[in-house]
Structure formats: structure tokens, C-alpha cells
Amino acid sequence: MKFYHSQKKKVRGWKRRVHHLDRWGELIKEPHTKYFLTERGRHTYERYTVSPFYNLVKRHPPLWFYKLIIAKLVTAYSEWQKTFDKLNVPYDLQLWLYDPSYIRSEIICHKMQQHGERKRFSWESDLSKPFPYEKLGSKHYNLQDFEWILADDEHIHFEDDFEDANFTAEDLLADGYIRKQQSDGLIYYAKRYGDIWIGRRRDAMSKDTKDVIQGYFAPPRTD
């Protein structure tokens, strides 16, 4: 099952969509910081959630349009970096570029406890592959300005899901899922669908970086 795919049905009005993307690119240059600065605020992000791509059944745009989205995210990154530096709040600013689930790509800033901390994720990949500079690159931005970490874009089921599901762990394993366990003991089953490239601008990275690991969170039990 693929949750993000290209459909054969023609998407019309590309000129209008490019204009809409341009307006969106201007709007996201200023991050939403009001909730971020509260005690409960943990992150703020922006993603291009527009029809016909970001619907219940999502479609990823063609590569040329995806590169326009990346250009807006890269430009926003520079502006966000200036804003969060002025706030003097510990933060970790990232670009998440999905491949092939292009439309899920985003810019996200995590609030950290201390300066120099970097958010890492339990779904970072064990695969070894180079960043696709040739595929995702453009003359309008330089992705080599970023350090990239490969993570797994995967569909997951938690072990507790089986109590109310019409499938079993054996069904998932037969369908290509892999049983995994986080450092906190959480058991889940994951099937990989693609790549997430998590990037940070090289010139903003501290040499004394401390990694803070975030894993998946199982939904709370209701019994």
C-alpha cells in the first residue's frame, strides 16, 4: 500500500498554482512563535498543505514543482534562523525533504532545553546512501549548504494496536513489516516507504553538539 503517489489524472492550472506557491513562500518567511515561546510549546513548522496534493489521499507533485517548494523552504530557513537567533531560545532548525512523498516536506524548528542540543530521531535509517543532490538540486538553492541525515519514511503499527485490529503481528510480518524496539522498550512494526532527508545548515552547527533522541509515541490506552 502506498499512501503518497502520483496519479495519472491531469492537474490543471499550473501557472495559478505557481503563483499560489509564491504567495505561500512569502507568508512562511516569518515563523509562528507565539505558542512556541510558551511553556508548552515544543515546535513550530510549515508544510505546503494545498489541494490537490495535500488531501486525504495525498498526491505528490511533479519533481519540477517539488523543487519550487524546496526553494521556498530553503529561503524560509534563512529567515527563521535570523528570527530564532534574536529570540535567544535554544532551538534546532531543520528541513525535512521527503522522497518520494514530496508533499510532506517541511521546515520545522524544535525548542531545546540547552544551546547546542540537536534533536535526533529513532527512525533515522540504518541504510547507507548518498544524498540525491543531482535529483533534488537546483540553481535556485544549494543543498550542499546543509548536512543531511537519512531517516525512514515508514508506516507503523504499535503492539497494543492488535487488541482492536483485524490483523495480527504475523500478518504484518508477512506483508513486509519489521518488528522494532525503541530504547524505551516500545515495540512497533514498521514498513519502509521512502526517504526523509533531515537537514541543518552547516554554518549554524555547533562543534559541541549534544544529541537528544526522540522516539515514536504510542497513543494512550483508554482502558
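The values are calculated or read from the model by the stated rules, or taken from the named source; none is laboratory data. Remember, predicted model here, so these are calculated numbers, not experimental data. So basically every Cβ, Gly included, is an ideal-geometry build from the backbone, and we count neighbours across all protein chains shown.
A compact table of results
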read-out: Enumerated strands (runs of 3 or more DSSP E) restricted to segment 16-125, each holding at least 3 residues that are within 21 Å of I198 (Cα to Cα) and at pLDDT below 95; value: 117-121
read-out: Test: residue in segment 77-89 that is over 21 Å from K119 (Cβ atoms), more than 16 Å from the chain's Cα centre (by Cα) and crowded, with 17+ Cβ neighbours inside 10 Å; value: no
read-out: Complete set of residues in segment 94-113 that are closer than 25 Å to L63 by Cβ and of a type in the set (A, V, I, L, M); value: L95, L97, I103, I107, I108
read-out: Per-region count, segment 132-155, residues outside any helix (DSSP H, G or I), buried (at least 16 other Cβ atoms within 10 Å of the Cβ) and either over 16 Å from the mean Cα position of the chain (by Cα) or aliphatic (A, V, I, L, M) (or both); value: 4
read-out: Residue match in segment 183-203 (condition: of a type outside the set (S, T, Y), part of a loop (DSSP other than H, G, I, E, B), surrounded by 15 or more Cβ atoms within 10 Å (Cβ to Cβ) and at pLDDT 85 or above); value: yes
